[in-house]
Every structure is written in structure tokens, then in C-alpha cells.
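Asks: Below is a structure I'd like to ask you about.
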Amino acid sequence: MNLIEITDFNGAKQYVSAGAVEQITEAGASSQWHGIRSIVRLFNGKVIESQNTAYEVASMVKRAAQEPAP
């Protein structure tokens with residue numbers, strides 16, 4: 001299980017399985033004003049409002065998918 005580190009809008013670190021990420025969306029202008037850069041939706045229905053950009057999260061997921069599982 002390869003974990004990625006996502007920083008939520010409060011600055012807390014969330015460690016999520018890369019395979020659990022269903023959708024990554026760039027946040028709208030009003031959300032970005034409040035420090036939310038992307039919305040990360042997981043297969044279990046959880047939503048993380050992230051300080052990371054959608055590109056950063058997508059890059060982490062892609063990198064984790066290419067690494068062999070421990």
C-alpha cells in the first residue's frame with residue numbers, strides 16, 4: 001500500500017492510499033481565496049479540501065502507482 005501525504009485546508013497532514021483517490025479537482029476561485037487549492041475525492045466518499053494543487057496531488061498519485069508495494 002503506497003501512501004501519499006495530502007495537506008488539508010487546516011494544515012493537517014492526511015496520509016491516504018494512492019489507490020483510494022477517485023477524483024482530483026482544481027478548486028474554484030472562491031475556495032482558492034481561502035487556501036484550498038484542490039478537492040480530493042476518495043472511493044469511500046471522503047472529501048479532502050487540500051492546500052496542495054491538483055497537479056501536485058496527481059503527481060503524487062502517479063509516482064506512488066509506479067513504486068513497487070512494500
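The values are calculated or read from the model by the stated rules, or taken from the named source; none is laboratory data. In this text, all values refer to a predicted model and were calculated from it rather than measured experimentally. What goes into the accessible areas is simple: the full protein's heavy atoms, side chains included, and nothing from ligands, DNA or RNA. Shrake-Rupley method; radii C 1.70, N 1.55, O 1.52, S 1.80 Å.
Asks: May I ask you to list the residues in the range 31-70 that are aliphatic (A, V, I, L, M) and at pLDDT 95 or above?
Replies: Once the filter is applied, which keeps residues that are aliphatic (A, V, I, L, M) and at pLDDT 95 or above, the range 31-70 yields 36, 39, 40, 42, 47, 48, 54, 57, 58, 60, 61.
Asks: So, one more: With a cut-off of at least 3 residues that are open to solvent by 40 Å² or more (accessible area, probe 1.4 Å), name the strands (runs of 3 or more DSSP E) lying wholly within the chain. Explain how you work it out, then say what you get.
Replies: Numbers: elements: 3-7, 13-17, 21-26, 38-42, 47-50.
Because the criterion is at least 3 residues that are open to solvent by 40 Å² or more (accessible area, probe 1.4 Å), the strands (runs of 3 or more DSSP E) in the chain that meet it are 13-17, 21-26.
Asks: Taking the range 52-70 on its own, how many of its residues are within 9 Å of the chain's Cα centre (by Cα) and not aliphatic (A, V, I, L, M)?
Replies: 3
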